[in-house]
Each structure stands twice: as structure tokens, then as C-alpha cells.
Amino acid sequence: MAFGSDYRVKYLMRDVQRIVTERINKEGFENPLRLRVFDEDAGDNMMWDKGGLTFTTSDGEKAGSGDGAWYVEEAWTDPISKKKSKSTPILVIEGTFGTETGNVGDAQKTKLSHIFELPKRKILSAILMPKLAEYYTSGKNKKKSPPTFVQNGWWMKSLVMASISLSNQWKCETMLIDAYNKKQLEALVYALAKQQLENNNKNKEYVEKQLDEIMCEMSLYVEQYAKDFYFKSRRSDYPLIIFDLPMKNGNVSSKWIGKIHSDDVKAFGVTTGKNPKAKQRHRNGHRLLGNAQELNQITGKNVFLILPRWNKTDLKKLNDNHGDSQGQKEFINLIQNKELDILTMDDIDFGGDKVLQKEFKRIRKVGIDLDAKLPENDSDKLKELCVELKWGLYKKKYKIKR
Amino acid sequence: MVSSDKKSKIKLDKDSMIEILHKNFGFKKVKDPFGNQAIQMSARDAFRFSLIEGTPYLAQEYGYTCKEQMRVFYGRSSLNDGFVYYTPGLFGVKRIGDKIHLDEGNSPYYLNKKFPSMFHGNKTIIFYEETTLESKAEVERNFHKKIKEKKKNPLEYLLSTVSKSNSRKESFLEFVASQYFNKEGYLTENQVPYANNQGVPDFAAYKTPLIDKLIDKKFIESACPISEISTACIFSNKGKSSNKKINYGVVIGEAKTNANATKQLCTHKDLGLASYLFEIFANQKKQTDFGLLKFNDDYMINYDAGPSQSTDKTLLKNDEKFFEHYIKFYLLGNLPLEKIKEKFVTSKQERESEQLIKRVMKISFKNMMDFVEQEMK
């Protein structure tokens with residue numbers, strides 16, 4: 001079995017439950033909180049009312065599952081799906097130690113989809129991951145000498161911002177908790193257990209204090225980033241976000257913003273079969289979905305994923321179910337969400353600039369013909385083209401055909 | 001090529017698992033507190049079972065498994081341009097401000113302090129066949145409670161949950177393979193350090209001259225799972241070395257209960273590290289090009305090594321170097337953090353984990369054995 005960090009998350013939760021139970025027992029009470037945790041994905045993927053850790057989206061689709069949950073044995077009706085359950089969820093955890101093994105950057109954004117549906121049900125939730133982790137990797141490309149090359153992997157600030165925004169929207173906390181600071185989770189679970197024992201003002205305030213401390217740490221962490229968020233993408237090449245999106249009529253959209261991603265359709269598992277490893281290596285649908293959801297959450301605006309390496313044929317392939325099962329699931333989640341959409345090169349009016357359009361077409365073909373990653377020169381070129389597209393949209397040189 | 005056999009009648013359920021453990025490894029069949037058939041094993045074997053199969057000790061209300069807790073590397077230098085991919089596990093981490101420091105980890109040294117009974121006395125493995133998927137934590141809690149109601153000590157039990165379907169049996173097969181290869185004189189592991197994009201093997205076994213050295217210095221009793229090297233601070237070892245000339249070699253296995261493992265084994269073949277590649281159990285149909293570990297109708301292991309694979313000699317040589325370093329970390333796992341830091345982490349500027357890695361890699365194997373032996377006294 002391959003390495004996974006799930007066991008560590010799940011046993012960390014068990015450890016917290018053990019410590020809280022011991023503490024409450026010492027006070028002469030029985031811990032009213034139960035812990036639902038499985039060692040395998042199959043249990044996580046069952047619906048909450050069937051004893052699992054999965055909830056539905058508003059459309060009734062399966063949302064991402066959690067890794068574990070604290071609950072009490074009391075009847076509960078899901079306010080969205082209306083399904084009845086014998087257990088009331090109190091705190092759902094999605095965790096990862098993936099940053100220790102180099103799963104940094106956009107990979108973190110996929111975690112949001114695992115807790116996204118919870119605050120609207122008034123269920124507390126948290127992403128449990130190290131605030132800062134060291135990860136070791138190959139330093140060959142950075143011209144470093146063996147045997148070690150270490151980098152820092154921090155919580156991604158946009159993810160923290162999206163979690164704060166989600167909390168504010170639904171008036172229910174979605175948190176990030178440092179997996180290296182077990183005491184913070186312990187204190188929260190203990191407070192929640194006390195509140196279940198007796199829901200008086202003192203215990204209520206104690207829970208609020210724990211929640212405030214966690215939310216304050218998150219806010220402080222993103223303070224400067226949040227101030228710069230809307231200015232940065234207007235001033236610098238990255239991120240490739242366009243807040244002022246010119247539409248067909250020449251006006252800037254008041255509802256929609258866009259984010260350019262350079263992935264081709266392999267991201268959702270559409271490959272030619274020429275390269276047997278392509279499906280596994282280039283699967284990025286979850287990352288694209290995570291990016292779009294996150295931006296939507298932070299800004300409150302609808303988000304176009306602008307994919308200039310795609311054309312309408314690529315989109316049709318996914319509509320015709322040609323992606324792999326995971327890719328299709330992510331694609332469906334994306335297109336069924338009324339606040340998200342995909343734009344291909346065919347949706348962009350390049351005006352008189354046929355060179356840019358032609359280059360995107362050429363690079364699309366290279367990637368599809370190879371069924372593998374682009375050669376270095378084309379990959380570098382693509383980055384330049386995406387930046388050019390971004391500034392062209394900001395300057396209304398190009399428009400969206402909608 | 002492995003010859004074709006008729007498909008075995010064995011279904012991997014609770015009863016056959018007990019028979020496999022009893023008949024192949026001599027583990028005693030006993031009754032659990034509820035009158036059901038169970039397996040008794042020594043504290044050492046129970047540690048191996050938890051480490052590889054993942055079965056939790058009922059050492060606390062919510063169980064504790066050793067699986068995936070004692071990692072050191074998640075990628076080997078031989079496959080990653082000379083770079084080691086370190087990860088916390090055996091040695092822990094804590095964050096102070098914007099710096100990461102070494103901390104007490106999940107080494108047996110610290111587990112023994114947290115759960116003193118874990119490494120002492122015989123342990124009974126309870127096999128619980130679940131009919132539907134249940135919260136593992138709640139199953140453990142219920143068993144913990146019920147055992148106490150029977151006036152027994154939960155600390156003497158491990159709880160193995162067996163699903164009705166074929167799922168979640170791969171780890172059991174890995175344990176069987178590990179025990180088998182230990183007896184054949186191999187060090188084993190099922191958390192093999194490979195980078196994720198290289199197809200992480202389910203199981204690896206290593207022939208190495210280091211085994212005799214470790215036995216002679218009483219760090220291990222005999223060939224064993226690699227993490228067991230870190231239990232020398234707890235278990236006493238009285239084994240005898242083989243005194244045979246042994247060349248370094250790697251065997252890789254893939255455990256399957258449904259589909260076959262041909263795709264993964266072909267990837268390993270292309271890499272050229274393993275001298276033998278085999279599938280464990282699988283659907284027991286005819287395999288080509290690779291070995292097969294399966295069971296006959298009397299539950300006995302039937303291992304066919306299959307054809308010898310051609311290896312990349314330079315890669316193998318580099319891997320032997322990596323492996324020696326790798327084992328040094330598990331030797332170090334016998335010591336408390338303060339002793340480790342005193343020797344290997346002295347600079348306030350450099351990252352602590354990086355200092356540890358670099359300095360451990362510089363010290364010779366003999367000097368590391370001498371150091372740990374001395375500090376364990």
C-alpha cells in the first residue's frame with residue numbers, strides 16, 4: 001500500500017478524543033461526543049445518514065467526504081437533503097499531511113470542497129494540516145547538491161481567505177487548524193464536549209472563545225494578503241485573474257470574473273491513449289475545480305475558468321463523457337454549478353490578433369499529439385501567452401463572446 | 001513463467017486468515033473473550049502485525065495502530081538524483097514561530113512510554129467480521145468496553161476488522177509476505193520509500209549483509225520488518241547471524257485481491273531495481289513473467305519466485321548505499337530525542353531535520369551501531 005497521510009490524520013483525531021475523554025472522565029462525566037472515523041475511503045464515502053462522512057451539494061450530488069467527525073447520538077435531519085439520521089454532526093474534519101511530501105500549492109485548494117457544504121448546514125468544520133511543513137524533494141533542477149533539498153510549505157493564503165469568507169457567509173465556522181498544534185484541536189473538542197454536557201452561558205462562551213482564537217489566527221495570517229488581493233492581479237502578471245472582464249457588448253461584466261489556466265483537456269482525463277500514464281500524470285480537474293470554487297467564494301462573483309488551450313471539441317468530449325470517472329465527476333460539479341463556467345479559445349474574441357490565437361491552437365495540438373507534458377520551450381511560451389491574454393483582456397484588446 | 005494452477009478454493013475471510021496465520025507461522029489458536037476463535041502471538045509478532053497489517057492495539061479506548069507512523073523517507077536517493085525525501089514519523093516535528101524543530105516521534109521508544117503494555121506479554125488478535133461499514137473508532141470503543149465488562153484487560157488485545165468483501169485484505173497479504181520473507185532472511189517493509197510518481201510498491205524485501213551485523217550487535221533477533229530495528233531498546237535479541245556472504249538484492253511484491261498487478265509489476269521491471277517481482281495472492285490465475293505468492297487448499301504458502309529480472313547494476317549499487325543510510329535512522333530510533341540532538345543537531349542556524357540527515361549519512365554504519373549501543377546502556 002502506498003504512503004498516505006490519512007492514517008496519521010485519523011489517528012491524530014483518535015488521540016484527541018482519548019485525551020478529551022480522559023479529561024472529562026476526571027471531572028466525573030462521560031464524554032458525550034463520539035468519533036466517526038474509518039480507516040478506508042469506502043466508509044468516508046458513505047452518506048452521513050448511512051453512517052458515513054459525506055454530505056450532498058444543494059443539487060443533491062455527492063460532495064467531497066471528510067476524514068472524521070465528532071457527533072452526538074441525537075436525531076438529526078439534514079436541512080438540505082432532508083434525510084434523517086440518528087447522529088448529529090458537531091465538528092467535521094478534513095485533514096492532510098500532504099505538504100510534508102511536497103503536495104503544496106494548488107493541491108491544497110482541493111480540500112475546500114470537502115467542507116464546502118457544511119456551514120450551510122450549521123455544522124462546524126476544519127481543515128487539519130500543518131500551518132508550516134518542511135518538504136524534501138529533488139534539488140537537481142535548482143542546481144542544488146545532494147543529499148537534501150528542503151522547502152517550506154505553508155497554508156495557502158487564498159485557501160484561508162476562502163474559509164474565512166465561507167464562515168462569514170453562513171455564520172458558521174469553517175476553520176484551518178494547525179496539525180502540529182494538537183492542543184488547539186483538543187481545546188476545541190473539549191469545549192464542544194462540555195457544551196454538550198450542559199449548554200449554559202459559560203460553556204457557550206468557552207466554545208466561542210476557542211472558535212475566536214482559531215479564526216483570529218487565520219485572519220492574522222492573511223491580513224496583508226487580503227489587503228493586496230484585488231490589487232495584486234491588476235498590478236502583476238500573476239495570479240492570472242481578470243477582475244474586469246470585457247464581454248461581447250464591450251462592457252465589463254458585473255457578475256463574472258475569470259481565471260486563466262494553461263491545462264489542456266487531459267486535466268479531466270481526456271487522453272488519446274498514446275501515453276498510458278497520461279491520465280494519471282495530468283489529472284488536474286480537482287485543482288481546476290478547487291481554484292474556481294475558491295475564487296467564487298472569496299469574491300462572491302461568478303467565475304469563468306478560461307482555458308485557452310481548449311477548443312469547443314474538447315468541451316464536447318467531456319460533455320460526451322470521454323473523461324475518466326474522477327475527471328467527469330469534477331467536470332459535472334463544475335458545469336452544474338451556476339456560478340462557475342468554462343471558456344475555451346472559441347469563446348474568446350481575439351480581435352485582430354490572429355498570432356495569439358494561432359499560438360494557442362498550435363500548442364494545444366502539440367500537447368494532444370504528444371499525450372504528455374509540453375516540451376520545455378512550448379511550456380515557457382505558453383506561460384507568456386497566458387500572461388499576454390490576461391493583459392489583453394484587462395485592456396479590452398480581447399473580449400469574451402458572451 | 002509461473003505454471004498455471006487451478007484456481008484456489010480459498011476465500012480470504014476471517015476463518016481462512018486465522019488458518020493461514022496458524023499453519024504458516026505457528027501462531028496459537030485461542031478463544032477471544034467472547035468465545036470466538038482468535039490468534040495469540042508474542043508482543044514482537046503483534047507489533048509486526050500492527051505495523052504491517054494496520055490492526056490497532058486496544059491500548060486506549062480508540063485503538064492505536066503502528067502502521068504508517070514510523071516513516072523516515074518517502075523517496076530514496078537512488079531514484080531521485082541522489083536526494084533523499086525525508087518525512088516526519090519515526091522522528092516527530094513541532095513548529096515554533098516560523099521554524100520547524102525535531103520532536104518526540106512515533107518510535108517504539110516513545111510508544112513504550114505512552115503505552116507501556118504494548119511491547120510486553122502475549123497479545124490476542126480478535127477478528128471482527130463486519131457486516132456493514134461501521135465507524136472504526138466506534139467499533140474499537142465498543143470492544144474496549146465489552147472486554148472490560150468480561151473482566152479482561154483490553155491492553156492485551158488487538159482488533160482486526162475483516163470486511164465481508166475482498167476489500168481491505170491487501171495489508172493482510174503484505175503481512176503474510178513479510179513473515180515469509182523474514183524467515184527467508186530478508187528485511188521487509190510495506191511503506192516503501194519511492195516518490196509517488198514512480199509507482200510505490202506494496203511490499204519490498206531486502207537481502208543485505210547488514211542483517212548479520214545487526215544480529216551480532218543484538219539490534220535484531222533475526223531478519224525482520226525494518227521498523228523493528230528501532231525496538232532493540234525494548235526487546236532483547238539473542239539471534240545468531242548466518243555468517244554467509246550476502247549480496248544486496250531487492251524483491252518487490254504487489255498485493256492484489258481483485259485485479260491483477262501486471263501493470264505495476266511492469267513499471268517495476270522497467271525501473272530495474274528488483275531482482276524478483278511477484279504478485280501476492282491475487283485471483284490465483286496463471287501469471288506471466290512474474291512470481292506469485294499464494295496459498296494451497298490447506299492454507300499453506302506456496303511461493304514461486306518466477307524468473308530473475310535484469311537489474312540496473314549502477315542503480316542497485318546506489319540503492320545499497322541509500323539502504324545503509326536508511327537503516328542507520330532506524331538504529332537511531334532506539335534513542336530519546338535529547339540524545340539524538342546532542343550528537344547530530346548542534347547548529348542553531350541550519351534546519352534540525354537537515355542537520356540530522358546529513359550527519360547521519362556521514363557517520364559509518366559501524367560507528368552508528370557503536371554509538372546507539374553505547375547510548376542504550
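Expressed in nm to one decimal, what extension gain is obtained for the pair B:E338 and B:K218 from 0.36 nm per residue of sequence separation less their Cα-Cα distance?
Values: separation 120, 0.36 × 120 = 43.20 nm, distance 2.31 nm.
Net length gain for the segment: 40.9 nm.
Looking at the calculated P(r) for the protein assembly as shown, what percent of the C-alpha pair distances fall above 43 Å? Let's see the in-between values first.
On the way: 96714 of 303031 pairs.
Here the long-distance tail beyond 43 Å is 32 percent of all Cα pairs in the protein assembly as shown.
How many angstrom lie between the Cα centre of region B:11-25 and the Cα centre of region A:194-252?
54 Å
How big is the dipole moment of region A:237-400 about its Cα centre under a simple scheme where the beta carbon of each Lys and Arg is +1, that of each Asp and Glu is -1, and everything else is neutral? Debye, nearest 20, please. Walk me through the intermediate numbers first.
Values: 31 positive and 23 negative charges, 40 e Å.
My answer is approximately 200 debye.
At a threshold of 8 angstrom on Cα-Cα distance, excluding pairs fewer than six apart, so keeping six or more, what relative contact order does region A:237-400 reach in percent?
Answer for region A:237-400 is 31 percent.
Once every DSSP H run of n ≥ 4 in the protein assembly as shown is given -39500 (n - 2.57) and the sum is divided by its residues, what mean residue ellipticity at 222 nm do you get, rounded to the nearest 500 deg cm²/dmol? Write down the numbers at each step before the final one.
Details: 23 runs with 295 residues, N = 779.
Dividing the helical sum by the residues of the protein assembly as shown leaves -12000 deg cm²/dmol.
Rank B:F290, A:L53, A:I123 by how far each Cα sits towards the positive end of the charge dipole of the protein assembly as shown (+1 on Lys, Arg Cβ; -1 on Asp, Glu Cβ) and give me just the farthest.
B:F290
Could you grab the relative contact order for chain B? Cα pairs under 8 Å, six or more apart, rounded to a whole percent. Please report the intermediate quantities before stating the final value.
Numbers: 721 pairs, mean separation 69.2, N = 377.
Relative contact order of chain B: 18 percent.
For region A:183-282, rounded, prolate or oblate, judged on the Cα gyration tensor with a ≥ b ≥ c (square roots of eigenvalues), a/c < 1.5 rounded, else prolate if a/b > b/c?
It comes out oblate by the Cα gyration axes.
Ignore the peptide's own chain and count Cβ atoms of other chains within 10 Å of each Cβ in A:34-44; give me the average, rounded.
Details: counts 4, 8, 5, 7, 8, 11, 7, 1, 5, 6, 1.
That average works out to 6.
Please sort A:194-203, B:247-256 by packing, taking for each peptide the average over its residues of neighbouring beta carbons within 10 angstrom, highest first.
So the order, starting with the most tightly packed, is B:247-256, A:194-203.
Which pairs, out of A:K194/B:K341; B:K11/B:K31; A:K171/A:K390; A:K248/A:K274; B:K67/B:K245, put more than 28 Å between their alpha-carbon atoms? Could the numbers behind the result be given before it?
On the way: A:K194/B:K341 40 Å; B:K11/B:K31 22 Å; A:K171/A:K390 35 Å; A:K248/A:K274 38 Å; B:K67/B:K245 32 Å.
Violating the 28 Å limit, Cα to Cα: A:K194/B:K341; A:K171/A:K390; A:K248/A:K274; B:K67/B:K245.
With a ≥ b ≥ c the root eigenvalues of the C-alpha gyration tensor of region A:237-400, is it rounded (a/c under 1.5), prolate (a/b larger than b/c) or oblate? Don't skip to the end; give the middle numbers.
Values: a/c = 1.86, a/b = 1.23, b/c = 1.51.
Oblate.
Among DSSP bridges having both ends in region B:90-169, what percentage is antiparallel? Round to the nearest 5.
On the way: 5 of 12 bridges.
DSSP beta bridges in region B:90-169 are roughly 40 percent antiparallel.
Can you find, among B:A305, B:N197, B:N36, the residue sitting farthest towards the positive end of the charge dipole of chain B, where Lys and Arg contribute +1 and Asp and Glu -1 at Cβ?
Final value for the positive-end residue is B:N36.
Taking 25 Å as R0, compute the FRET efficiency from the Cβ-Cβ separation of A:E213 and B:D103 and round it to 0.05. Write out the running numbers ahead of the final one.
Numbers: r = 22 Å, r/R0 = 0.89.
The pair A:E213/B:D103 has a calculated efficiency of 0.65.
Among B:Y85, B:F73, B:Q374, which residue has its Cα positioned farthest towards the positive end of the charge dipole of chain B, with +1 placed on the Cβ of Lys and Arg, -1 on the Cβ of Asp and Glu, and the dipole taken about the Cα centre?
The one lying farthest along the dipole's positive direction is B:Q374.
Specify whether the C-alpha gyration tensor of chain B places it in the rounded, prolate or oblate class, a ≥ b ≥ c being the square roots of the eigenvalues: rounded for a/c under 1.5, otherwise prolate if a/b is larger than b/c and oblate if not. Spell out each step's value before the answer.
Values: a/c = 1.70, a/b = 1.13, b/c = 1.50.
Oblate is the answer for chain B, as a/c is 1.5 or above yet b/c matches or exceeds a/b.
Would you mind ranking B:C224, B:C233 by Cβ crowding within 10 Å, fewest neighbours first?
On the way: B:C224 26, B:C233 18.
By the 10 Å Cβ count, ascending, the order reads B:C233, B:C224.
Once you treat every alpha carbon in region B:124-228 as an equal point and sum by Debye, what is log10 I(q)/I(0) at q = 0.11, 0.17, 0.18, 0.21 Å⁻¹?
Values, matching the q order: -0.53, -0.95, -0.98, -1.06.
Given A:K82/A:K259; A:K82/A:K329; A:K143/A:K395, which pairs have Cα atoms separated by over 28 Å?
Checking Cα-Cα distances, A:K82/A:K259; A:K143/A:K395 exceed 28 Å.
Could you give the dipole magnitude of region A:118-218 about its Cα centre, charging the beta-carbon of Lys and Arg +1 and that of Asp and Glu -1, in debye to the nearest 20?
480 debye
How charged is the neighbourhood of B:K99? Take every other residue with its Cβ under 15 Å from the Cβ of B:K99, and add Lys/Arg as +1 and Asp/Glu as -1. Mind showing how you got there, number by number?
Numbers: positive: A:K131, B:K94, B:R95, B:K341, B:K348, B:R351; negative: A:E134, A:D178, B:D98, B:D103, B:E350, B:E352, B:E354.
Once all neighbours under 15 Å are counted, the net charge is -1.
Determine the percent antiparallel among the DSSP beta bridges restricted to the protein assembly as shown, to the nearest 5.
Numbers: 49 of 88 bridges.
Here the antiparallel bridges make up roughly 55 percent for the protein assembly as shown.
Mind checking the full-extension length gain between A:H322 and A:K142? Use 0.36 nm per residue of separation minus the Cα-Cα distance, one decimal, nm. Let's see the in-between values first.
Working: separation 180, 0.36 × 180 = 64.80 nm, distance 3.77 nm.
Stretched fully, the A:H322-A:K142 segment lengthens by 61.0 nm.
Can you pull the mean other chain C-beta count within 10 Å for peptide A:92-104? Mind dumping the intermediate values first?
Values: counts 0, 0, 0, 0, 0, 4, 0, 0, 9, 8, 6, 1, 0.
Mean shielding by partner chains, rounded to a whole number: 2.
Leaving out same-chain residues fewer than 8 places away, which aspartates and glutamates sit with a Cα under 17 Å from that of A:K204?
Answer for A:K204, where 17 Å is the Cα cut-off: A:E173, A:E186, A:D212, A:E213, listed by chain and number.
Which of the peptides A:94-107, A:364-377 is most tightly packed, and how do the rest follow, going by the mean number of other Cβ atoms within 10 Å of each residue?
Details: A:94-107: 21.8, A:364-377: 15.0.
By packing density, highest mean first, the sequence is A:94-107, A:364-377.
Using a 7 Å offset from the Cα along the Cα-to-Cβ direction at both A:K277 and B:S165, what is the distance between the two label points in nm, to one decimal?
Simple spin-label model gives 3.0 nm for this pair.
Roughly how many debye, to the nearest 20, is the charge dipole of region B:1-96 about its Cα centre, given +1 on each Lys and Arg Cβ, -1 on each Asp and Glu Cβ, and no other charges? Can you show the working numbers first?
Details: 16 positive and 10 negative charges, 26 e Å.
Computed about the Cα centre, the dipole is about 120 debye.
Could you give the Stokes-Einstein D for region B:123-172 in µm² per second, using the C-alpha Kirkwood radius, 10 °C, 1.306 mPa s?
On the way: Rh = 11.7 Å.
D = 135 µm²/s.
Using a Gaussian network for chain A with springs between C-alpha atoms less than 10 Å apart, which of these wobbles most: A:G64, A:G52, A:G139?
A:G139
Of all beta bridges DSSP finds with both residues in region B:14-376, what is the antiparallel percent, to the nearest 5? Can you show the working numbers first?
On the way: 28 of 45 bridges.
Expressed as a percentage, antiparallel bridges in region B:14-376 total about 60.
In which sequence would A:D346, B:D32 go, from the one with the fewest C-beta neighbours within 10 Å to the one with the most?
Values: A:D346 14, B:D32 21.
Least to most surrounded, the residues fall as A:D346, B:D32.
May I ask you to list the aspartates and glutamates whose Cα is less than 16 Å away from that of A:K279, ignoring any residue fewer than eight positions away on the same chain?
Cα-Cα hits under 16 Å: A:D263, A:D264, A:D314, A:D324, A:E330, A:D369, A:D371.
Could you compute the FRET efficiency for B:K348 and A:S254, with r as their C-beta to C-beta distance and R0 at 41 Å, rounded to 0.05?
Working: r = 55 Å, r/R0 = 1.33.
The pair B:K348/A:S254 has a calculated efficiency of 0.15.
Could you work out how far helix A:157-170 tilts from the main Cα principal axis of chain A, as a 0 to 90 degree angle to the nearest 10?
60 degrees
With θ set to phi - 60° and the Karplus curve 6.51 cos²θ - 1.76 cosθ + 1.60, what are the ³J(HN,Hα) couplings of region A:357-372 in order, to the nearest whole Hz, using x for Gly and Pro?
Here the 3J(HN,Hα) series is 4, 5, 5, 4, 4, 4, 5, 4, 5, 4, x, 6, 4, 6, 6, 8 Hz.
Please enumerate, by chain and number, the lysines with C-alpha under 16 Å from the C-alpha of A:K227, excluding those fewer than 8 residues away in the same chain.
Of all the lysines, those that pass the test against A:K227 - Cα under 16 Å, at least 8 places apart if same chain - are A:K157.
Using the beta-carbon distance between B:C266 and B:Y303 and R0 = 25 Å, what value does 1/(1 + (r/R0)^6) give for FRET efficiency, to the nearest 0.05? Intermediate results must be reported in sequence, preceding the final value.
Numbers: r = 20 Å, r/R0 = 0.82.
For R0 = 25 Å, the calculated efficiency reads 0.75.
Distance check, please: which entries in A:K140/B:K99; A:K10/B:K136; B:K240/B:K377 exceed 18 angstrom between their Cα atoms? Provide the component values of the computation, followed by the final result.
Working: A:K140/B:K99 24 Å; A:K10/B:K136 10 Å; B:K240/B:K377 21 Å.
Exceeds cut-off: A:K140/B:K99; B:K240/B:K377.
Each value in this text was obtained by applying a stated rule to the coordinates, not by laboratory testing. Everything numeric in this text was worked out from a predicted model, so none of it was measured. Glycine also receives a Cβ, built like all others from the backbone with ideal geometry; neighbour counts cover every protein chain displayed.
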